[in-house]
1. On the accessible surface of chain A, probed at 1.4 Å, how many percent belong to carbon and sulfur atoms?
2. Hey, could you get me the Stokes-Einstein D for the protein assembly as shown, Kirkwood radius over alpha-carbon pairs, 10 °C and 1.306 mPa s, rounded to whole µm² s⁻¹?
3. For chain B, I need the span (max minus min coordinate) of the C-alpha atoms along each principal axis, in Å, sorted largest to smallest.
4. Given a Förster distance of 35 Å, report the FRET efficiency between residue B:94 and residue A:2 from their Cβ-Cβ distance, rounded to the nearest 0.05.
5. Please report, in debye to the nearest 20, how large the charge dipole of the range B:1-101 is about its Cα centre when each Lys and Arg carries +1 at its beta carbon and each Asp and Glu carries -1 there.
6. When we measure straight from the Cα of residue A:32, which aspartates and glutamates land under 12 angstrom away, once same-chain ones fewer than 8 places off are left out?
7. When Lys and Arg each count +1 and Asp and Glu each count -1, what net charge do the other residues less than 13 Å away from residue B:171, Cβ to Cβ, add up to?
8. For the range B:176-211 and the range A:17-79, what is the centre-to-centre distance using only Cα atoms, to the nearest Å?
Amino acid sequence: MNREEVLLRLNDIFKDVFDDNTIMIRDETTAKEIEDWDSLEHINLILAVEQCFGIKFSMLEVTQIKNVGEMIDIICCKI
Amino acid sequence: MSKLFEKSNGLIKSIAKKNLLQQKYYDNFSEEMTQDEWIGLESLIKYYENKGEDVESLSESYLKFIENIMEEQFYFKQYGEYRCSSAKEVEEQFYCNVSYMKQYMIGLALSTYLLDSHRKCMRWYKEKLEEYKEGGTWLEIGPGHGEHFITAIQNTNYSKYLGVDISKTCVEMCKEMVKYTCCDAENKNICLEQMDFFAYEGSLCDSVVIGEVLEHVEQPQLFLNKIWEITHPKSFIYITTVTNCPQKDHIYLFHSTDEIEEMISKCGFEVIDSLFVPTNGYSMEKAIKKKATINVAYILRKVGK
């Protein structure tokens, strides 16, 4: 799976977790741009990503991710 | 206003820099705290600096506190229960670990100001103290880092303030805090003891405070039963606890406020006032739907059993 494919799949996860079909994520997208993206939804998001891609994040990765691009980088390393 | 409080601002900036979700939360934070709260936070930071900490180490402690909560939230989301279910597990895994406890207690103390739910509960507590300013014995069970205990000493006039905690470390920490913050309370009768609350055999208490204890014990109803024994119908009884709040040393899971109130009623109390503060600024409806944490504070009256 290449980076572009990961981004597309991740976008679907974001739409589902935040219940918003208009979401279009990009590498620069941060929590500031998605209103409901708080600490609790971050956990839901991470769990959904782990399940979808069959990976596990470390707690350091969970708390240090700065934007979608970094999330994709981690996913690509783990799959 | 916040610009006046250099250390507090420095701490918040350090936290926000290291964690993007915290940064989002703190973007509009300056308007959230009252001047007294800014003064309290600034004083707390100075206290810890006197003990060898600095803004960076304090921000690390607070972020570790938050990270630990997140870690337990992951577990809770997957399994619907707290990871630990006995006092023995918590004692072995966490309370015996001195460096963990030190960092944890710092994070917890800072959360009194930095965490919305803790701040709002403390604010409500101070308001309610105005109605119960005088009395004989004031007892706090598990004073921990001392915020409730010190607030009571500074704002009321009781003939005796007694804090009891099973942890020697907590008692020592609280003593230090009281000494640092209550310099003008030398004429007050303040006593902090390491003891098992169930061994208390003193006079009936005009006030009992038990803040953030019930979720840390295996049988919270036993604590409520003992409180019933040592209070009278006019006593000020103040309890705080939480629903659906996974933390490393939380043992007893309250699933709902109804569950808490049922226990309160069975133990011979009625609720005369209450405050519910859902996490993350959620509405009660959203918090209940998402099984998110709700911090609760109750003022109780002893009634018959």
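1. Carbon plus sulfur share of accessible area: 48 percent.
2. Details: Rh = 22.3 Å.
Translational D for this selection: 71 µm²/s.
3. So the three principal-axis extents are 53, 49, 37 Å.
4. 0.20
5. 220
6. B:27
7. Net charge around residue B:171: -3.
8. First find each Cα centre; the distance between them is then 47 Å.
The values are calculated or read from the model by the stated rules, or taken from the named source; none is laboratory data. Predicted model only: the values in this text are computed from it and were never measured. Cβ coordinates were reconstructed from backbone atoms using ideal geometry, including for glycine residues, and neighbour counts include every protein chain displayed. Note: accessible area is taken over every heavy atom of the protein model, side chains too, but ligands, DNA and RNA are not part of it. Shrake-Rupley method; radii C 1.70, N 1.55, O 1.52, S 1.80 Å.
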